[in-house]
1. Quote the charge dipole size of the range 41-105 about the Cα centre in Debye, to the nearest 20; the model charges only the Cβ of Lys and Arg (+1) and of Asp and Glu (-1).
2. List the aspartates and glutamates whose Cα sits under 17 Å from the Cα of Lys58, skipping any in the same chain fewer than 8 residues away.
3. Using the beta-carbon distance between Glu80 and Thr41 and R0 = 25 Å, what value does 1/(1 + (r/R0)^6) give for FRET efficiency, to the nearest 0.05?
4. Report the full-extension gain for the segment Ala30 to Gln69: residue separation times 0.36 nm, less the Cα-Cα distance, to one decimal in nm.
5. Going from most exposed to least, what order do Leu48, Leu37 have by accessible area with a 1.4 Å probe?
6. Around His86, under 11 Å between beta carbons, what's the net of Lys plus Arg minus Asp minus Glu among the other residues?
7. So which lysines can Lys63 reach, going by Cα to Cα under 17 Å and dropping same-chain residues fewer than 8 places off?
8. Measuring from label point to label point, each 7 Å out along Cα→Cβ, what is the Glu100 to Gln50 span in nm?
Amino acid sequence: MNTTRRTLIAAVAGMAGMTVQQSHAGNVGANQAMKLLQEGTIQPFDQLNQIALANHPKGAIGKTGLEHQQERYVYKVELEDAKGVHWEVDLNAANGNILEQERED
């Protein structure tokens with residue numbers, strides 16, 4: 001199996017939990033997300049998930065989504081940490097930098 005095909009399979013698997021709502025402006029659909037991933041515009045979703053979890057050890061990923069905001073792609077991750085606290089983590093999808101972390105009550 002060639003590298004490109006393995007990468008695509010891993011990307012699709014990583015998107016399995018991704019929630020996409022195309023009716024809202026700024027949200028990126030699954031097909032467009034795959035294209036951005038293939039072009040190298042955004043990082044693989046499993047890698048972005050691991051970055052989000054780095055500050056919340058033993059946490060669990062819930063919903064995820066990709067949005068286009070202010071000239072960049074933002075990957076949004078909802079997660080629950082080991083203490084049961086819910087967080088929303090926004091990452092720059094191109095480089096994985098955390099843009100914002102917000103505790104949800």
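1. With Lys and Arg at +1 and Asp and Glu at -1, about 220 debye.
2. In chain and number order, the partners are Asp46, Glu78, Glu80, Asp81, Glu88.
3. It comes to 0.30.
4. Using 0.36 nm per residue and subtracting the Cα-Cα distance, I get 12.4 nm.
5. Per-residue accessible area, sorted high to low, gives Leu37, Leu48.
6. -4
7. Output for Lys63: Lys76.
8. Distance between label points: 2.7 nm.
The values are calculated or read from the model by the stated rules, or taken from the named source; none is laboratory data. These numbers were taken from a predicted model, which means no experiment stands behind them. So basically every Cβ, Gly included, is an ideal-geometry build from the backbone, and we count neighbours across all protein chains shown. Keep in mind that these areas ignore ligands, DNA and RNA; they rest on the heavy atoms of the full protein, side chains included. Shrake-Rupley method; radii C 1.70, N 1.55, O 1.52, S 1.80 Å.
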